[in-house]
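What follows is one structure encoded as structure tokens, with my remarks underneath.
The values are calculated or read from the model by the stated rules, or taken from the named source; none is laboratory data. This is a predicted model, so every value here is computed, not measured. Here the Cβ positions follow ideal geometry from the backbone for every residue, glycine too, while neighbour counts run over all protein chains shown.
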Amino acid sequence: MVAVATLPDVTPGPAATARPGQRRAWRGIVLVVAAVYFVVPMAVSFWFTVYSEGQGFSLAAYGRILSAPGFLPSLLLSLALAACTIAAVLLLTLPAMLAVRLGAPRLRPVLELISTLPLVVPPITYVVGISTALREGVDALAATPFWATLIAIQDERFPFVLVLAYVMLTLPFAYRSLDAGLRAIDVRTLVEAARNLGASWPYVLFRVIIPNIRSSIASASFLTLALVLGEYTVAALLGYETFPVWIVTISGNDGQLSVALSIISLLLIWLLLLTLSGAGRKRR
Amino acid sequence: MTVPAVTAAAPRGGGRPRSKNWLGALPLLVVTAVAFGIPALTLLAGAFTVKDPATKVSSFGTANLSRSLQGPYLNALLSSVQLSAVVAVAAAVAGTFLAQAVITSRFTALREAVLTFSGVLSNFGGVPLAFIWIATLGNSGVITTALGLGPGVLYNFWGLALVYMYFSVPLMVLVVTPALDGLRPQWREAAQNNGATTWQFWRYVGIPVLTPALLGGVVLLFGGAFAAYATAYAMVGSTVPLVTLQIAEALTGDVLIGYENVALALSLDMIVVALLVMAVYLPLQKRSSRWLR
């Protein structure tokens, strides 16, 4: 896109030839300081997990992750929440964005607003709103059938309320990546052609639109997955033991284990992003 | 611009073409109204609801808000703003220098590596970030013991700022790199041909062109640091007063009688600050997009 790396060509200008050593020194210092600041904590943390005074080198901390109590349930819960959130956010945003493009352009500002609001509202204030609303809702609706619904979405085994919250939190990112994908294709022509040939709406959606924006759907999904797997504030304050909350719970008595988990989650982000940029590159 | 497509298909679709277009957006609007609108309205209403401790009668009032702007709560809010401002400005400067160093370097591999790395680290926050720094500089951290530093290096305002920089600087690198790429070599050559020094080039050409992008970056970093909760919670508990920590405490812990809704009022304070900052950001983004092409 903007990746025209032309700036290096400027250096052989007059100013550069005047003081080449000084300029390079400045650059070197910045890079070395940055490298030290960013690499040392990671290297040191890894060292912390594999070496201890008493036992010397061992990878036992990484082995303990699997056997730690609560590991599997919390991870499964987070993955299930992520799957639901991804499905929900795609099923909600994609039709809305198509509608805006096909026949309701006046809704576009509304959509833009909806996909910006969660960026302005800090998650912790959002969670305050949710928990207060739930508490007051349960009190106010005690006599109606909605009461059962409110209780059901707070089920410990699968808190649907978290899916709702995560859909909102992930909306800005999903919206932006889907928007980029839809912008690259001629939605109107594709839909008109398919409809004129007698395709039903689901057919248009699943066989015409989605295959054309596969990579931006993939990136929206990966961003959502990364967000849900790392989200702590909302889940912790609503009292659910998702994977990040479990990491904090388990860390109290085993320092090495908690740092090992942190390194694993860093690697996980790395992996997700690599897959993401890989998926993006294939399309271009 | 509107509906020829669907009118053509209308015989098959059966009747009202307009409603169909609109219906596509309906689920999202409904879910947003429920999942975002209800909590937001509850928050707003609760922040202005005062419960009389004696009679248990609720009434409209600003007592919660004025309480949230007093004593320790005000302290926490100011400390949060201060921390976010320090992190935002420092990370913006550091990130810009780093991005410029990488962009002007001859090694394209370095550029790729730094940008990938920035993508990963700008997403790396929360509790794992706190743990990695605790292992490094915490009271029994590896560096702390190796260098014989005393306890408490990390568990204060500046320690927190140092840790927040870990995700803020990479974010700034990502934000400012396109803007730095947008500085045309021709501008620099033109300045040099007219006899400008490097300093003059930056003072009169470079910085003015970059200003919108830089300020936009500062705002973005401010928002990130301001909203951060998990890292601070795992690191400092409550030794550094922060508004996010106060909110969590007021929400989960026991609060004094008459302070039940103070979490809501504090949240409202936070949103107002975030909105003010965003109000600076949005026009700037429009301006900077002119240069980022």
With (1) facing chain B (nearest Cβ under 10 Å); (2) surrounded by fewer than 22 Cβ atoms within 10 Å (Cβ to Cβ); (3) more than 17 Å from the chain's Cα centre (by Cα) as the list, and A:T249 as the residue in question, which single condition is left unmet?
(1)
From the list A:L111, A:L98, exactly one residue is under 24 Å from A:A194 (Cα atoms) and more than 17 Å from the chain's Cα centre (by Cα). Which is it?
A:L98
Please state which of the following conditions A:I114 fails to meet, knowing it meets all the rest: (1) over 17 Å from B:A33 (Cα atoms); (2) modelled with pLDDT of 85 or more.
(1)
What is the one condition in (1) modelled with pLDDT under 85; (2) within 23 Å of the chain's Cα centre (by Cα); (3) away from chain B (no Cβ under 11 Å) that A:T85 does not satisfy?
(1)
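Yes or no, residue by residue, for (1) free of Cβ contacts under 8 Å to residues at least 12 places away in the same chain; (2) of a type in the set (A, V, I, L, M); (3) over 22 Å from B:V31 (Cα atoms); (4) more than 10 Å from chain B (Cβ to nearest Cβ):
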residue	(1), (2), (3), (4)
A:S177	no, no, no, yes
A:A180	no, yes, yes, yes
A:E192	yes, no, yes, no
A:P202	yes, no, no, yes
A:S216	no, no, yes, yes
A:T224	no, no, no, yes
A:E231	no, no, no, no
A:G239	yes, no, yes, no
A:I263	no, yes, yes, no
In region A:132-146, which residues are within 24 Å of B:A263 (Cβ to Cβ) and surrounded by fewer than 21 Cβ atoms within 10 Å (Cβ to Cβ)?
A:L134, A:R135, A:E136, A:G137, A:V138, A:D139, A:A140, A:L141, A:A142
Could you tell me which numbered condition B:M235 fails, if it satisfies all but one of (1) closer than 30 Å to A:L113 by Cα; (2) under 21 Å from the mean Cα position of the chain (by Cα); (3) buried (at least 17 other Cβ atoms within 10 Å of the Cβ)?
(1)
Please verify whether region A:108-129 includes one or more residues that are more than 7 Å from chain B (Cβ to nearest Cβ), farther than 28 Å from B:S267 by Cα and either surrounded by fewer than 22 Cβ atoms within 10 Å (Cβ to Cβ) or free of Cβ contacts under 8 Å to residues at least 24 places away in the same chain (or both).
yes
Filter the helices (runs of 4 or more DSSP H) completely within region B:145-263 down to those with at least 2 residues that are more than 13 Å from chain A (Cβ to nearest Cβ) and modelled with pLDDT under 85.
B:207-227
Just for region B:101-144: of the residues that are of a type in the set (F, W, Y) and under 23 Å from A:I29 (Cβ atoms), which one is farthest from the chain's Cα centre (by Cα)?
B:F107
A:D139: passes all of (1) more than 8 Å from chain B (Cβ to nearest Cβ); (2) closer than 21 Å to A:L77 by Cα; (3) without any contact (Cβ under 8 Å) to a residue 24 or more places away in the chain but (2)
Condition met for B:A94 (in contact (Cβ under 8 Å) with a residue 40 or more places away in the chain, farther than 19 Å from B:Q246 by Cβ and part of a helix (DSSP H, G or I))
yes
Of the residues in region A:25-45, those that are in contact with a helix residue (DSSP H, G or I) (Cβ under 6 Å, 6 or more places away or on another chain) and either aromatic (F, W, Y) or more than 8 Å from every other protein chain (Cβ to nearest Cβ) (or both) number 0
For B:L110, the lone unmet condition from (1) over 24 Å from B:G223 (Cβ atoms); (2) away from chain A (no Cβ under 14 Å); (3) part of a helix (DSSP H, G or I) is (2)
Among the residues of region B:176-223, which ones are among the small types (G, A, S), over 16 Å from B:L282 (Cα atoms) and touching a residue at least 12 places away in the same chain (Cβ under 8 Å)?
B:A179, B:G182, B:A191, B:G206
Across region A:241-261, which residue is farthest from A:V127 (Cα to Cα) among those that are β-branched (V, I, T) and in contact (Cβ under 8 Å) with a residue 60 or more places away in the chain?
A:V259
Counted residues in region A:140-175 being of a type outside the set (S, T, Y), at pLDDT 80 or above and more than 16 Å from A:Y240 (Cα to Cα) come to 7
If a residue has to be aliphatic (A, V, I, L, M) and free of Cβ contacts under 8 Å to residues at least 24 places away in the same chain to count, how many in region A:93-107 make the cut?
5
Do we find a residue being surrounded by fewer than 22 Cβ atoms within 10 Å (Cβ to Cβ), within 12 Å of another protein chain (Cβ to nearest Cβ), closer than 30 Å to A:S265 by Cβ and of a type outside the set (A, V, I, L, M) anywhere in region A:149-161?
yes
Any idea which of A:P69, A:P20, A:P73, A:P8 is modelled with pLDDT of 55 or more and either aromatic (F, W, Y) or surrounded by 11 or more Cβ atoms within 10 Å (Cβ to Cβ) (or both)?
A:P73
